[in-house]
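A short worksheet on the structure shown next.
The values are calculated or read from the model by the stated rules, or taken from the named source; none is laboratory data. Everything quoted here is computed from the prediction, not taken from an experiment. Positions of Cβ are generated from backbone atoms using ideal geometry, with glycine treated the same way; all protein chains shown enter the neighbour counts. Just so you know, the surface numbers come from the protein's heavy atoms only, side chains and all, with ligands and any DNA or RNA stripped out. Shrake-Rupley method; radii C 1.70, N 1.55, O 1.52, S 1.80 Å.
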Amino acid sequence: MPFSVRASLDQFTLAHPSGDGHLTISVAAPVVESPGGRVPVLYVVDGDVAFGLAAEIARVLTSVAAFPAFYVVGIGYDAAYAAFLKLRTADLSPPIRAEALTELGALGDAIGGERNGGADAFLAFLAETLRPEIAARYPQTAGGDRILFGHSLGGLFAANALLTRPDAFAAFLISSPSLWWDDFSLFQKLAAFRERLAALPSQPRVFVDVGGKEQDLPTSVPDGLGVTLEEAQTQIRAARMVDATREFADALRNAGVADLRHIAFAEEDHISVASTAILHGMRFALGRER
């Protein structure tokens, strides 16, 4: 097989679990063959922005670094950016109380916060519809480890998935999770999680990361976001990204997670950390940290 300068790409659509519209599923096959099947699959939410990163990282790892082959599956919307922000909020977020949504102000408006709470239904779609579809289309993945990656609001989704269905994936890669959502109410699910985890025959591996600069106050905001600099700084203070992520990792350990790694990548911010998280997260998920 010739060395490729880009990752492979297959795409197909599936009906959205709400019954309204569809989701675009992007698949990158490994560039090296894996004898015997049971090839792992990395599932990437926010596929419109994160699939390409993950697919290229997989291509380099498996072709240059002699890393075990794995598939990358991205779940996206094939929509304009403004629409994408709102669609992902609807699917990736647990419910948010009206008071907490009001506190988000312009940020809540920009991301379509009024449409929220679809995280459990979206997780059910991944586990019960998408995974069987991938196994049918790519039989070599049957029996392979299933790994979930989410960043930012996707990280919140991955964290919620871990706490509510820890048996759904062999590994959870939780990157820069938006734990601030609904005034950090996700932490209230840890007590029930402890019981769910103890009942499992085997535990998932859990990777939790954040950019070390994510609590630095911004000096500007992107055009078109509809948020003032002062509002953005207020949100950064309230989000406590670095501190809250560390507290979440500590809480997971206290709940009994045995195979957990937490990293604050010192020189990374909320955007730059995503690719670093995929690289180090997959090393961890497949036992290739060193």
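Against the numbered list (1) touching a residue at least 12 places away in the same chain (Cβ under 8 Å); (2) on the phi > 0 side of the Ramachandran plot, GLY19 comes up short only at (1). A search for C-beta distances below 9 Å between a residue of segment 227-241 that is among the basic types (Lys, Arg) and any residue that is open to solvent by less than 70 Å² (accessible area, probe 1.4 Å) and not in a helix (DSSP H, G or I), counting only pairs 6+ apart in sequence or on different chains, returns ARG237/GLN215; ARG240/LEU179; ARG240/TRP180; ARG240/PHE184; ARG240/GLN215. For segment 257-290, residues that are under 21 Å from ARG165 (Cβ atoms) and either surrounded by fewer than 14 Cβ atoms within 10 Å (Cβ to Cβ) or of a type in the set (Asp, Glu) (or both) total 2. Go through segment 258-273 residue by residue and tally those that are within 23 Å of SER202 (Cα to Cα), out of contact with any helix residue (DSSP H, G or I) (no Cβ under 7 Å at 6 or more places or on another chain) and among the hydrophobic types (A, V, I, L, M, F, W, C). Of the residues in segment 258-273, 1 are within 23 Å of SER202 (Cα to Cα), out of contact with any helix residue (DSSP H, G or I) (no Cβ under 7 Å at 6 or more places or on another chain) and among the hydrophobic types (A, V, I, L, M, F, W, C). Residues in segment 86-109 that are within 23 Å of SER175 (Cα to Cα) and either polar (S, T, N, Q) or open to solvent by 20 Å² or more (accessible area, probe 1.4 Å) (or both): LYS86, LEU87, ARG88, THR89, SER93, PRO95, ILE96, LEU101, LEU104, LEU107.
The rows are residues; the columns are (1) free of Cβ contacts under 8 Å to residues at least 24 places away in the same chain; (2) assigned to a loop (DSSP other than H, G, I, E, B); (3) closer than 16 Å to LEU130 by Cα.
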{"position": "THR13", "(1), (2), (3)": "yes, no, yes"}
{"position": "ILE25", "(1), (2), (3)": "no, no, yes"}
{"position": "TYR43", "(1), (2), (3)": "no, no, yes"}
{"position": "LEU53", "(1), (2), (3)": "no, no, no"}
{"position": "LEU61", "(1), (2), (3)": "no, no, no"}
{"position": "ILE96", "(1), (2), (3)": "no, yes, no"}
{"position": "GLY108", "(1), (2), (3)": "yes, no, no"}
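Here GLN233 meets each of (1) in contact with a Leu (Cβ under 8 Å, 6 or more places away or on another chain); (2) in a loop (DSSP other than H, G, I, E, B) with one exception, condition (2). Within segment 236-267, the set of residues being assigned to a loop (DSSP other than H, G, I, E, B) and among the charged types (D, E, K, R) comprises ARG240, ASP259, GLU267. Taking the criterion of being modelled with pLDDT of 95 or more and among the polar types (S, T, N, Q), the only residue of segment 127-140 that qualifies is THR129.
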